[in-house]
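Enquirer: This is the structure, below, for whatever I ask next.
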Amino acid sequence: MQDLESLLLQNRLLTEEVKRRIDQLAAINTVAATVSQSLDLDRTLKTALQAVLNVVGADAGGISLIDYDTGEVVLRAQQGWTHDFVSPPMRIPLGRGMSGRVISRDDVVLDNNLDGSEQLAVPRFMDEDFRSIAMAPMHARGKIIGILSIMSKKPNAFVGEIIAVLKAIADTVGVALDNARLYETSVEQEKRLNAIFQSTADGLIATDQNGRISLINQAAAAIFNVEAEQLIGAPLREAPIHPRACESLLFALSSRVEENKSFQVTLDNGRTLSFFLSPVYIESQVDQGRQTDGWVIIVQDITHLIEAQRQRAEFIQAAAHDMRNPLGVAFSSLNMLNSFFQSDASVTEIIEIAIRGVSRLQDLIDDLLNLEQIESGYGVDKAEVDIGQLVNEACAEIRPTLAEKELLCVADIQGDNLRVQGDARWIKRALFNYLDNATKYTQPGDTITTRVFFSEPFVHIEVLDNGPGIPAEAQAKLFQRFYRVAGTEKIRGTGLGLAIVKSVAEAHDGSVYVRSRPGQGSAFGLTLRAE
Ligand code: ADP
């Protein structure tokens, strides 16, 4: 009989225990289901608190989040309190009060007999007249993100399984809040990026890897005179933008080289647009290959700049022309004067100084004008140029002048079909500058060789002389404007010849180089991309 009774008792206790566990799980489940419904942080905070109070049967509660940047515990939601502690939010420095204990212990902190004598971090909290309080840490991604508190007006309100339930619920709420906070941060970042994207003065277009427009800002929409919404999702090739601009863009995007590209397009209405394209790479966990995920295109309407450049070039040309005329007159007058005073050596010496000054001024004006023109890009017309033929022509032109100085001029064209896209006039002028220097700095009897050769993907034009060579420390500065190597001041020159060659190279996306050793001659090179 005794055995049966104890068996029944055990059975009843077991059933009650199972029921309690089921109730606990149901309570946790109810809260989990409620808080996972939204990604809105404020809403999640409110619904989570309500759900918690319902399942644990507390009079009041609060949720605080930890702001690790400011080192504070910030109350974000409250329910059942007489005072408003949320707006503005109650902030407790990390480590202070009961919340400090929750964090340092990383466990539930309970006080079932508040009698008003407690040292509280926020004294005003005393007015709430709570007799029991339980606070549990909320975890997410391996750290404490906040504290879930429940309160009651009755003493000894939180005993038994309520504490275990509170602990489990706190973590469920923590994960939900952390997700909501992450989502809020990413939405905020997206908004911020979009605001920057929209407010830049440059037109910006982003495409995905299939060439569909994924983003376009107001400035770009205004340049193309279209509604931004119309273009989102549309393939670039079908976008209602000017056909010439569209064609150039598709051409640039179709080439395999995945590097920055830039070009300008002049439309039928005279407007000039400048495009700058950069590939976008997004790190992918799945695909480790370096494939572009699309492109960012910067568009600028540079019509006003082109116009200003044209006006400047015209002005400089007119000014140079106006300066050249009186200089020409002075030059011929001085020469005439010189012939009258041939018998008086001291007078002719003075006149010759004046003549040298005037001709130096003429050279300077010519070189400055050339530099200005090539740098502005105004009047640079590119077409297919056969470099072998160009070098042969140039050498033929200059050979008589060199012969007068007893210099031998050799053209060494290695290979054929050495073609580039360029402006033949400017390439020739650059070559003449190299040849002119070689002439100036060599001695009678020397040989000047112009060599042309191909080295994938470039065509090189090299002028070699066996003149005095150039000290190593001067070589880096040679292509700077007005730079002349010390000791060469007496030789005619402006210090602009090599700067012009460099600008010609740059106008053709090419480069220049020099190899030289004092006493062993020099080699000056111009590198252009082969067609
Ligand atoms: P410049 O009008 O003085 O020749 P450049 O810009 O053409 O101006 O050349 C700059 C300087 O480079 C020259 O003053 C000269 O000192 C040096 N230089 C250029 N070419 C040669 C060369 N072939 N041999 C030796 N020195 C040279």
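The values are calculated or read from the model by the stated rules, or taken from the named source; none is laboratory data. Every value quoted in this text rests on a predicted model; they were computed, and no experiment measured them. Because the Cβ atoms are built from the backbone with ideal geometry, glycine has one as well, and the counts that use them run over all protein chains shown.
Enquirer: Could you grab me the full set of residues in the range 408-451 that are of a type in the set (A, V, I, L, M) and in contact with a helix residue (DSSP H, G or I) (Cβ under 8 Å, 6 or more places away or on another chain)?
Expert: Leu408, Val410, Ala411, Ile413, Leu418, Val420, Ala424, Ile427, Ala430, Leu431, Leu435, Ile448
Enquirer: If Arg484 satisfies all but one of (1) surrounded by fewer than 20 Cβ atoms within 10 Å (Cβ to Cβ); (2) closer than 15 Å to Asp436 by Cβ; (3) touching a residue at least 12 places away in the same chain (Cβ under 8 Å), what's the number of the condition it fails?
Expert: The one condition Arg484 does not meet is (3).
Enquirer: Next question. Checking Gly469 against (1) near the ligand (Cβ under 8 Å from one of its atoms); (2) at negative phi, only one condition comes out false. Which one?
Expert: In the conditions (1) near the ligand (Cβ under 8 Å from one of its atoms); (2) at negative phi, Gly469 misses (2) alone.
Enquirer: Please work out which residue is farthest from the chain's Cα centre (by Cα), limiting yourself to the range 485-531 and to residues that are at pLDDT below 95 and assigned to a strand (DSSP E or B).
Expert: By that ranking, first place goes to Ala530.
Enquirer: Residue under question is Asp412, and the condition is that it be over 26 Å from Phe482 (Cα atoms) and assigned to a strand (DSSP E or B); does it hold?
Expert: When the stated conditions are applied, Asp412 passes them.
Enquirer: I'd like the full set of residues that are surrounded by 13 or more Cβ atoms within 10 Å (Cβ to Cβ) and either touching a residue at least 60 places away in the same chain (Cβ under 8 Å) or not in a helix (DSSP H, G or I) (or both), limited to the range 329-358.
Expert: Phe341
Enquirer: Please go through the range 425-466 and give me each residue that is of a type in the set (Phe, Trp, Tyr), outside any helix (DSSP H, G or I) and either crowded, with 23+ Cβ neighbours inside 10 Å or near the ligand (Cβ under 7 Å from one of its atoms) (or both), ordered by number.
Expert: Matches in the range 425-466: Tyr441 only.
Enquirer: Let me ask another. Residues of the range 118-131 being assigned to a loop (DSSP other than H, G, I, E, B) and under 21 Å from Pro93 (Cα atoms), which ones?
Expert: Passing the criteria: Glu118, Gln119, Leu120, Ala121, Val122.
Enquirer: Which of the following residues is without any contact (Cβ under 8 Å) to a residue 60 or more places away in the chain and over 22 Å from Leu371 (Cα atoms): Lys477, Lys502, Lys490?
Expert: Criteria check complete, one pass: Lys490.
Enquirer: May I ask you to list the residues in the range 505-522 that are without any contact (Cβ under 8 Å) to a residue 60 or more places away in the chain, within 11 Å of the ligand (Cβ to nearest atom) and of a type in the set (Ser, Thr, Tyr)?
Expert: Result: Ser516, single match.
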